[in-house]
Amino acid sequence: MISVKQAKQIIIEAALPKKSVLLPLSEAFGLVTSKGIIATTDIPNFAQSSMDGYALKYEDKGNLLKVIGEMAAGISEQIKISKGEATRIFTGAPLPLNADTVVMQEKIHFENNLLIVQDENLKQGSNVRSKGAEVKQGDIAMVSGMYLSAAAIGFLAGIGCVEVSVYAPPKVAIILTGNELQKPGNPLEFGQVYEANSFQLKAALNKIGIKNSMVLTAEDDPEELQKVLQKALEVNDVVLLNGGVSVGDYDFVTQAAHTCGVEEKFHKIKQKPGKPLFFGTKEDKLVFGLPGNPSSSLTCFYEYVLPALESSMGLHSSLVEITASVTHDYPKPAGLTHFLKAFYSNGKVTPLHAQESFRLHSFAQANCFIILPEESIGCKAGAIVTVHLLPL
Ligand SMILES: Nc1nc2c(c(=O)[nH]1)N[C@H]1C(S)=C(S)[C@@H](COP(=O)(O)OP(=O)(O)OC[C@H]3O[C@@H](n4cnc5c(N)ncnc54)[C@H](O)[C@@H]3O)O[C@H]1N2
Ligand code: MOO
């Protein structure tokens, strides 16, 4: 058995290659740019008013001005002003030719139908967004490696971008093993359990933009499992097997992986839950044999699978490590690293009641793991412990 640290290192070394893909902007939220983006035009594309008011030549601000027309947002015809003239103008509209300044409508008055500016703070260029103030044509508007937040998507749309090169979300297959699994919605026959792992894994994959993962099932039969794994490997970058990875007579995952040409990198880690985790590679594809117990499966996903997926997508790890003061004693024997389902708030972390790996009740209320290292014999209330905040 290897340590948690060794297992993580082996997975980092087996890094999935980063693949670039061109996607419509509407599908790029949450992904990371794989190429820089060059602005194809000046934005704004014209000198633009940022207020409702009057457009004038700054040098005319002390004169009585004749209002010769109106510039509204979206206007298609240009107006030219001369000395002693101004136009009405609205927010977002282009400035008339020769105007360089906008005075807010609250800061003027009229005498005999002529405009008088009453704004001591008015400067040349006041209330005007200059052409190219956001980006200039030919500028790098966004560098490679940028996370596409909602604001980043809005920014790119605003500079006229329709497609963006991003690191492709890897294709992931989930394989369920176990004759006892029943779909939620059907009555449970004797000996059956509701299938939960594909639901939680799909939810966690969705969270990082990996959608439409394939879910395949295999009875506890070595040949069937081998066929299903072979099929999954043909079209996916990552395969997540569930269950069948331990030492029972019906646990065929390692055997099937070997028969499919998967090179075993490790099997079993000094940890709880998730001790029997299997990891192997086939060419540049990754194969994880997640232990079947739902809590073990999801813990291994967060600690081992997620970082591998995120790194291939250019994402920073969403499993954030902090330290916190633990609120209760939690004794454990030395020998295995424990990942305790816990709740973190305001610098304090509380281990939750049910830690058994067949249960998800406490996991459903958890927002973090407390990490108790291999050599530790647990923690005392008030001790500072390592915490991994979960990307919920
Ligand atoms: N003699 C030993 N027995 C076991 C050991 C061991 O070291 N020696 N390790 C135990 C540990 S720890 C774990 S974890 C499990 C892992 O077992 P498997 O990965 O082989 O998983 P299964 O036996 O197929 O299933 C375990 C458990 O999980 C339920 N399960 C499986 N898939 C799903 C699913 N998709 N949704 C919901 N529940 C699922 C399954 O019904 C079992 O109850 O091995 C221990 N045994
Ligand atoms: O390690 Mo198993 O995952 O405890 O139940």
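Counted by neighbouring Cβ atoms within 10 Å, the residues 129, 359 run from fewest to most as 359, 129.
Suppose we keep just the DSSP beta bridges with both residues in the chain; what percent of those would be antiparallel, to 5? Antiparallel: roughly 65 percent of the beta bridges in the chain. Taking the charge dipole of region 320-389 about its Cα centre, with +1 at Lys and Arg Cβ atoms and -1 at Asp and Glu Cβ atoms, the residue from 322, 376, 334 reaching farthest to the positive side is 322.
Relative to the longest principal axis of the Cα atoms of the chain, the long axis of helix 197-207 lies at roughly 20 degrees.
3J(HN,Hα) along region 105-114, derived from phi through the Karplus expression 6.51 cos²θ - 1.76 cosθ + 1.60 where θ = phi - 60°, amounts to 5, 6, 10, 9, 8, 10, 10, 6, 6, 10 Hz, with x in place of Gly and Pro. Taken one residue at a time, the phi angles of region 367-372 give Karplus couplings (6.51, -1.76, 1.60, θ = phi - 60°) of 10, 6, 10, 8, 9, 9 Hz. Gly and Pro are set to x.
Helix 4-13 versus the longest principal axis of the chain: what angle, 0 to 90°, nearest 10, using Cα atoms? Between helix and principal axis, roughly 60 degrees. Karplus-based coupling profile of region 78-93, in residue order and whole Hz: 8, 10, 10, 9, 10, 3, x, 10, 9, 10, 5, 8, 10, 3, x, 7, with θ = phi - 60° in 6.51 cos²θ - 1.76 cosθ + 1.60 and x standing for Gly or Pro. With an a/c value of 1.5 or above and a/b larger than b/c for the gyration tensor axes a ≥ b ≥ c computed over the alpha-carbon atoms, the chain is described as prolate.
Can you tell me the 0 to 90 degree angle between the C-alpha axis of helix 222-235 and the longest principal axis of the chain, rounded to 10? In the chain, helix 222-235 runs at an angle near 20 degrees to the longest axis. The residues 241, 225, when put in order of fewest to most other Cβ atoms within 10 Å, stand as 225, 241.
Since every read-out is calculated from the coordinates, none of them should be taken as a lab result. This structure is a prediction, so every number in the text was calculated from the model and none was measured. Virtual Cβ from ideal backbone geometry, glycine too; neighbours counted across all protein chains shown.
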